[in-house]
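S.K.: Pasting a structure here, questions to come.
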Amino acid sequence: MDTLTTSVDRVKPIFFSPFVMPAWIRRASGALPPGGTLGLRVGDMSDSNGPWQTPCCNCPEHAAWNVQETKTNVVRAVSAKIRLWRDSVGTDAVAAGTRLAGPTDLLAEGVEPSEYFGDAVAAFSHELHPADTQCVFYTVADVRLDPDTLSAEGRCLIRGGGTCTARVSVVTESWLEEGTVRLTSDGGLFFSGTPGAPAASALTFQTNGPPGSVDAVRDFWLGATNGGPQTLTYVLLDPYGSTFLSTNLAVEAVIDKL
């Protein structure tokens with residue numbers, strides 16, 4: 001991705017599903033919640049030019065006959081959608097041009113929601129090989145299901161019957177201009193955007209796209225024709241229809257009075 005060394009935010013990237021992990025960048029992930037953090041490691045414990053290590057390349061500087069030294073990696077570019085930190089958030093920020101001596105653990109923090117999958121990018125390379133760039137590709141987005149109340153067992157208790165009475169907040173944090181979000185229920189569970197809606201007008205399946213069109217907290221009301229355990233599922237799908245993010249809510253429908 002040659003444009004990373006100049007402007008990583010004005011270029012619509014090609015789609016990576018869900019994440020491309022270079023061999024020497026460890027513990028990174030594709031989905032990064034806004035305001036959340038994920039760890040990654042730049043460099044490798046065996047990455048040196050010592051006589052007992054396999055050199056990363058055949059250049060004279062990294063040939064095995066040289067005196068052993070730990071290689072230095074350099075941060076070449078960081079998208080404005082993320083921040084990089086050495087330790088905890090707010091401590092020792094890592095920006096483009098920062099030199100990382102040896103294997104370095106970093107924190108990636110989601111700052112601004114993604115518009116395209118994989119558009120929150122950080123690029124790195126060895127100090128002696130600036131053109132040999134390795135990248136991590138994050139998608140800053142999140143989906144959640146927040147019920148009004150939960151039981152001690154972590155289930156959302158609802159009154160079974162013919163109407164939608166139990167409120168659940170469906171949270172979408174996304175500016176994505178591609179892909180979809182999908183809300184589904186199983187068994188006898190149904191939902192509606194209208195409180196008190198009858199089962200006949202309620203839904204068991206709803207898809208919205210693109211996800212950025214529903215970047216909000218939306219309230220839905222649940223009902224169930226059957227008692228017992230049910231599941232409400234909310235997923236973020238990539239442009240190919242594969243699940244990128246998913247969250248589930250365990251629901252217990254009680255037909256008798258609670």
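The values are calculated or read from the model by the stated rules, or taken from the named source; none is laboratory data. A quick note: this is a predicted structure, and the numbers were derived from the prediction, not measured. Cβ sites come from the backbone with ideal geometry, for glycine too, and all protein chains shown count toward neighbours. With ligands, DNA and RNA removed, areas are computed over all heavy atoms of the protein, side chains included. Shrake-Rupley method; radii C 1.70, N 1.55, O 1.52, S 1.80 Å.
S.K.: Which pairs have Cβ atoms under 8 Å, sit 6 or more apart or on different chains, and link a residue in the range 230-254 that is more than 18 Å from V170 (Cα to Cα) and β-branched (V, I, T) to one that is part of a strand (DSSP E or B) and open to solvent by less than 40 Å² (accessible area, probe 1.4 Å)?
M.R.: Here the result reads V254/I158, each pair linking the range 230-254 to a residue that is part of a strand (DSSP E or B) and open to solvent by less than 40 Å² (accessible area, probe 1.4 Å).
S.K.: Anything in the range 88-102 that is closer than 15 Å to H129 by Cα and open to solvent by 60 Å² or more (accessible area, probe 1.4 Å)? List them, or say none.
M.R.: R99, A101
S.K.: Failed condition for E178, given (1) part of a strand (DSSP E or B); (2) open to solvent by less than 50 Å² (accessible area, probe 1.4 Å), with all others met?
M.R.: Single failed check for E178: (1).
S.K.: Does W221 qualify as being under 20 Å from E115 (Cβ atoms), touching a residue at least 24 places away in the same chain (Cβ under 8 Å), open to solvent by 20 Å² or more (accessible area, probe 1.4 Å) and in contact with a Pro (Cβ under 8 Å, 6 or more places away or on another chain)? Can you show your working first?
M.R.: Working: under 20 Å from E115 (Cβ atoms): no; touching a residue at least 24 places away in the same chain (Cβ under 8 Å): yes; open to solvent by 20 Å² or more (accessible area, probe 1.4 Å): yes; in contact with a Pro (Cβ under 8 Å, 6 or more places away or on another chain): yes.
When the stated conditions are applied, W221 does not pass them.
S.K.: Just give me the residues in the range 201-218 being without any contact (Cβ under 8 Å) to a residue 24 or more places away in the chain and of a type in the set (A, V, I, L, M, F, W, C), in sequence order.
M.R.: L203, F205
S.K.: If you don't mind, there's one more thing I want to ask. Please give the number of the condition L84 fails out of (1) crowded, with 20+ Cβ neighbours inside 10 Å; (2) touching a residue at least 40 places away in the same chain (Cβ under 8 Å).
M.R.: Checking L84 against (1) crowded, with 20+ Cβ neighbours inside 10 Å; (2) touching a residue at least 40 places away in the same chain (Cβ under 8 Å), the one that fails is (2).
S.K.: Just to be sure before I move on: is L107 farther than 22 Å from F190 by Cβ, at pLDDT below 95, in contact with a Phe, Trp or Tyr (Cβ under 7 Å, 6 or more places away or on another chain) and surrounded by fewer than 22 Cβ atoms within 10 Å (Cβ to Cβ) in the structure I sent?
M.R.: The answer is yes for L107.
S.K.: Could you run through the range 120-151 and say how many residues are assigned to a strand (DSSP E or B), under 30 Å from E252 (Cβ atoms) and of a type in the set (V, I, T)? Steps first, answer last, please.
M.R.: Taking the range 120-151 and keeping what is assigned to a strand (DSSP E or B), we get 120-126, 134-140, 142-147.
Checking the rest, the ones that are also under 30 Å from E252 (Cβ atoms) come to 142-147.
So of that shortlist, the ones also of a type in the set (V, I, T) come out as 143.
So the count comes out to 1.
S.K.: Only one of (1) surrounded by fewer than 19 Cβ atoms within 10 Å (Cβ to Cβ); (2) part of a loop (DSSP other than H, G, I, E, B); (3) among the hydroxyl-bearing types (S, T, Y); (4) in contact (Cβ under 8 Å) with a residue 12 or more places away in the chain is not met by S114, so which one is it?
M.R.: So S114 meets the others, but not (1).
S.K.: From T149, T194, T184, which residue is of a type in the set (S, T, N, Q), modelled with pLDDT of 95 or more, more than 27 Å from I82 (Cα to Cα) and surrounded by fewer than 16 Cβ atoms within 10 Å (Cβ to Cβ)?
M.R.: Numbers: T149 fails: modelled with pLDDT of 95 or more; T184 fails: surrounded by fewer than 16 Cβ atoms within 10 Å (Cβ to Cβ).
The conditions single out T194.
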